[in-house]
Amino acid sequence: ERRKLETLRTARDPYFIQSNPMSPDYHWERIRSILKGSSCWAKVDSEIKKKRINSSVTEDVMREICGMSVIESIGQLQIHFAEKQKLLESAMTPNPAYSFPIKTVAEKGILEEQMIALLAQKLDEPVLTEREKLILFMIQNGDQERIESAHGYFSDEENERCPYCFQPVSSEYRQGLLESIRRVMNREVDDHKSKLHNLVLEEIEDVFEQYSELDKQIVNDLRKAILEYNDCIRQYRLAVQNKLQRVYTPVNQQKLCICDKLDRINLLIKKLEKKRAEFVRATQDHKLIEKELILINKQIAYHHCRDEYAAYK
């Protein structure tokens with residue numbers, strides 16, 4: 001029995017020698033060392049609490065960290081920590097732009113439908129003389145601006161010479177020419193041009209770079225979506241310009257679905273507004289952010305200690 005007892009004591013003793021890897025105390029002290037040093041838990045914890053010396057690695061702290069249930073990876077936690085840390089820094093000097101909600105953009109679907117219909121509209125051509133047919137031909141082939149310029153020029157009675165060939169122009173000829181232009185550029189034409197001018201599709205101003213610190217990815221996606229939308233608006237403007245220059249010639253403009261693009265923009269704006277609102281709420285309570293940073297720091301430390309704690313157990 002004595003020999004058996006000695007054998008058991010010899011087998012047991014290494015578990016009580018702190019310097020022996022077989023001892024639980026060996027691993028427990030390794031955990032303490034990790035929290036003090038390589039994991040930087042003690043240093044970061046003191047920085048969050050604005051203490052001059054590193055936080056103490058007590059038994060309670062060690063058991064709390066090792067006993068945590070942490071789902072997120074260390075990489076995800078480090079990203080969250082950096083976000084919260086930036087939030088805390090920004091709270092001290094908040095961006096004035098964050099004081100106001102970010103507004104969505106009004107829908108433009110009806111305007112798009114009306115514009116496509118106006119562009120495709122074919123005006124009835126009046127019964128014309130040979131000269132008026134020539135004027136109409138010039139309008140249909142892109143010289144409408146020249147015709148309108150001529151009308152403005154000859155409307156001034158002091159202009160007695162043709163600006164193109166410099167030949168004298170009689171009062172009768174001038175009046176006849178003006179009447180021909182008016183017959184071609186009639187009230188229906190004026191109404192049609194007025195409707196085209198009144199259907200204004202405006203580009204969206206990109207003012208979202210100032211929100212990058214809230215969520216850079218959302219801001220990048222939003223600015224890209226705005227570029228695509230504004231490109232469609234420029235295409236519509238070009239189509240309108242073509243119609244205004246050839247008012248009798250229909251323009252078959254493909255629908256660019258700006259409503260879908262606007263829905264995408266507004267969805268991103270709503271996400272960004274949510275981030276802004278959360279930021280404002282969070283910055284109103286510095287202590288809350290500090291508590292969240294302290295917790296995340298412990299969760300990061302858990303990952304550093306996890307394997308050593310498994311060996312300890």
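Inside the stretch 232-247, residues that are in a loop (DSSP other than H, G, I, E, B) and surrounded by fewer than 18 Cβ atoms within 10 Å (Cβ to Cβ) make up a count of 1.
Being in a helix (DSSP H, G or I), within 24 Å of the chain's Cα centre (by Cα) and surrounded by fewer than 15 Cβ atoms within 10 Å (Cβ to Cβ) is the filter here; which residues of the stretch 84-110 pass it?
LYS86, GLU89, PRO96, ALA97, SER99, GLY109
Scanning the stretch 37-60 for residues being over 39 Å from the mean Cα position of the chain (by Cα), surrounded by 14 or more Cβ atoms within 10 Å (Cβ to Cβ) and either among the aliphatic types (A, V, I, L, M) or within 16 Å of LEU295 (Cβ to Cβ) (or both) gives a total of 2. On the given criteria, is ILE289 open to solvent by less than 30 Å² (accessible area, probe 1.4 Å) and within 16 Å of the chain's Cα centre (by Cα)? No, not satisfied. Scanning the stretch 198-222 for residues that are among the polar types (S, T, N, Q), open to solvent by 60 Å² or more (accessible area, probe 1.4 Å) and over 26 Å from ILE116 (Cβ atoms) yields GLN210, GLN217, ASN220.
Which one is surrounded by the most Cβ atoms within 10 Å (Cβ to Cβ), of the residues in the stretch 119-134 that are modelled with pLDDT under 70 and under 49 Å from the mean Cα position of the chain (by Cα)? The residue in question is GLU125. Candidates are the residues of the stretch 19-42 that are in a helix (DSSP H, G or I) and without any contact (Cβ under 8 Å) to a residue 12 or more places away in the chain; the one that is nearest to GLN85 (Cα to Cα) is SER33. Among the residues of the stretch 165-193, those identified as among the hydroxyl-bearing types (Ser, Thr, Tyr) and either at pLDDT 70 or above or part of a helix (DSSP H, G or I) (or both) are SER171, TYR173, SER180. Testing LYS36 on (1) at pLDDT 90 or above; (2) closer than 23 Å to LYS287 by Cα, one condition comes back false. Which one is that? Here LYS36 clears every test but (2).
Restricting LEU262, LEU268, LEU227 to those that are of a type in the set (A, V, I, L, M), at pLDDT 90 or above and open to solvent by 20 Å² or more (accessible area, probe 1.4 Å) reduces the list to LEU227.
Mind listing just one residue for me: the one in the stretch 66-98 that is among the polar types (S, T, N, Q) and at pLDDT 80 or above and, of those, farthest from ILE300 (Cα to Cα)?
Ranking the candidates gives GLN85 first.
Go over the candidates ASP221, ASP206 one by one and state the one that is in a loop (DSSP other than H, G, I, E, B) and at pLDDT 75 or above. Every option except ASP206 fails the conditions.
The values are calculated or read from the model by the stated rules, or taken from the named source; none is laboratory data. Fair warning: this is a prediction, and the values are worked out from it, not measured in the lab. Positions of Cβ are backbone-derived with ideal geometry, glycine not excepted, and every protein chain shown enters the neighbour counts. These area figures cover heavy atoms from the full protein model, side chains too; ligands, DNA and RNA do not enter into them. Shrake-Rupley method; radii C 1.70, N 1.55, O 1.52, S 1.80 Å.
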